[in-house]
1. If you build a Gaussian network model of the chain, linking Cα atoms that sit under 10 Å apart, which residue out of Glu239, Glu118, Glu134 swings the most?
2. Return the single residue from Val72, Val193, Val52 with maximal mean-square fluctuation; model: Gaussian network over the chain, springs between Cα atoms under 10 Å.
3. Considering the chain as a Gaussian network with a 10 Å cut-off on Cα pairs, which listed residue, Gly240, Gly215, Gly28, attains the greatest mean-square fluctuation?
4. Rg (Å, one decimal) plus Dmax (Å, integer) for the alpha carbons of the stretch 122-235?
5. Over the Cα atoms of the stretch 89-143, Rg to Rh with Kirkwood Rh, two decimal places?
6. Can you give me the distance in nm between label points at Ser104 and Lys64, each placed 7 Å from the Cα along the Cα-to-Cβ direction?
7. Two decimals, Cα atoms only, Kirkwood Rh: what is Rg/Rh over the stretch 39-188?
8. Taking the Cα centre as origin and putting +1 on Lys and Arg beta-carbons and -1 on Asp and Glu beta-carbons, what dipole magnitude results for the stretch 17-245, to the nearest 20 debye?
Amino acid sequence: MCSVASGTAEASSTQPKTLRILVTNDDGVGAPGIDATVKALTALPDTKVTVVAPLTNQSGTGAKVTPGALTVTNATTASGYPAKAVAGFPADTIIWAIDDHGISQRPNLVVSGINFGENIGPLAGLSGTVGAAETALARGIPALAVSQGVDNGQSPNFSQGAKYLVAWVQSHRKVLLSAKKGTASSTNGNLNVPTCASGNVRGPVRVALATSLSGYSISTVNCLDTTTKPTSDVQAFVEGFASISELRPVNPPS
């Protein structure tokens with residue numbers, strides 16, 4: 001009897017945990033980038049995806065918030081995945097989901113994106129995609145902002161961004177599930193993936209957020225470049241690397 005009980009307890013303790021991911025963006029709930037994100041994440045085993053996104057396109061709104069009560073309605077992504085649509089800014093989606101307890105369980109991770117267009121250097125501070133991720137970070141929740149570059153006249157290849165997004169989640173899954181205090185401060189990032197006209201995306205590389213775009217033409221990406229050690233996210237982007245830079249928390253709860 002004791003042996004059976006012990007075996008049952010051991011088996012129970014080794015059952016895989018479910019990773020809870022809250023997905024948002026700044027392009028709006030019906031955008032193709034968030035749809036690519038949801039498709040990629042729901043394909044992962046033992047992963048629960050909840051979508052709370054802006055009702056309409058809110059690109060370039062940074063970490064702005066709406067005063068007063070938020071209006072939230074039922075919606076779906078482009079491929080029909082259930083979502084909640086917030087009539088407000090990207091940061092509002094986090095405030096409603098977390099501060100207002102709009103979702104039933106606190107997520108292990110917030111993923112914001114995939115954004116239409118890169119959010120590198122000084123552009124990151126203007127981005128609602130980044131603003132939503134940093135709002136989550138201020139609440140102690142690990143967060144990843146993901147953006148797909150628009151360059152060389154190419155349409156954004158969201159499948160490339162999804163590939164790097166999934167790789168990041170898989171490599172951080174164990175620490176995300178540990179729920180240790182302080183995890184968010186070291187488990188976050190602003191991930192930017194170029195769209196290559198020729199050649200292949202390299203990386204990802206962890207680099208600093210550039211303070212300026214000076215000296216670079218971000219509308220032209222050279223994925224055939226042989227540079228191996230970019231020093232900023234802007235340099236990495238134009239030289240064909242997927243880059244990860246650190247997020248900074250904003251909009252702490254009062």
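Read-outs throughout are calculated quantities, based only on the coordinates presented, and are distinct from any laboratory measurement. Here the structure is a predicted model, which means the values were calculated and not measured. Virtual Cβ from ideal backbone geometry, glycine too; neighbours counted across all protein chains shown.
1. Answer for the Gaussian network model of the chain: Glu239.
2. Val72
3. Ranking Gly240, Gly215, Gly28 by mean-square fluctuation puts Gly215 first.
4. Values for the stretch 122-235 (Cα only, Rg and Dmax): 15.0, 44 Å.
5. Values: Rg = 11.4 Å, Rh = 11.5 Å.
Expressed as Rg/Rh, it is 0.99.
6. 3.4
7. Numbers: Rg = 14.9 Å, Rh = 15.9 Å.
In the stretch 39-188, Rg relative to Rh is 0.94.
8. 900
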